[in-house]
Amino acid sequence: MGGSSGVTLDELLALAEQVLARGGGARPDAIATLSAKRAEPVWAELASHYDCALCFFDAARLEQETPRLKNPSDAVFRAVGCHGVAEAAALAAAGPHGILAVEKTASVRTTAALAIAGSDAAPQFRKVKL
């Protein structure tokens, strides 16, 4: 997921629930986002709500996912140093054989995408990545 500074838990939950419903209703095994968001407590609150792991990836790692993105953005690259956050973070958490199940969906201040982990993912991450 991605989000503007100051995004609220309610905003994140609303979009997460929408994307999870589009993906079949499974609960996430992990919430993944850009490492620049690490200092924002709302991300830990979101992971706690779902009782799942919270993964942070730096922009260089997310940029490695660019060939697999459905919605790469030059504007996002100029802002944070990678061509996407929501799709890239979901795919990074899902592993090299993970697949994008729900493309980037945006609300006013947040984005979310859903990936299904590949068989090569660590055991605790073998299901759904938001």
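Filtering segment 73-98 to residues that are crowded, with 16+ Cβ neighbours inside 10 Å, out of contact with any strand residue (DSSP E or B) (no Cβ under 6 Å at 6 or more places or on another chain) and either under 11 Å from A115 (Cβ atoms) or among the basic types (K, R) (or both) leaves A88, G95. Scanning segment 73-86 for residues that are in a helix (DSSP H, G or I) and of a type in the set (A, V, I, L, M, F, W, C) yields A75, V76, F77, A79, V80, A86.
Of all residues in segment 9-18, none are surrounded by fewer than 16 Cβ atoms within 10 Å (Cβ to Cβ), assigned to a loop (DSSP other than H, G, I, E, B) and not basic (K, R).
Pick from segment 42-72 the residues that are part of a loop (DSSP other than H, G, I, E, B) and either out of contact with any Lys or Arg (no Cβ under 9 Å at 6 or more places or on another chain) or acidic (D, E) (or both): which of them is nearest to A112 (Cα to Cα)? That would be P72. Of the residues making up segment 95-130, those that are among the hydrophobic types (A, V, I, L, M, F, W, C) and either part of a strand (DSSP E or B) or at pLDDT 95 or above (or both) are I99, L100, A101, V102, A106, V108, A112, A113, L114, A115, I116, V128.
Looking only at residues of segment 99-115 that are touching a residue at least 24 places away in the same chain (Cβ under 8 Å) and among the β-branched types (V, I, T), we find that the one that is surrounded by the fewest Cβ atoms within 10 Å (Cβ to Cβ) is V108.
The values are calculated or read from the model by the stated rules, or taken from the named source; none is laboratory data. As the structure is a prediction and not an experimental result, all values here were calculated from the model. Heads up, the Cβs are rebuilt from the backbone with ideal geometry, glycines too, and the neighbour counts pull from every protein chain shown.
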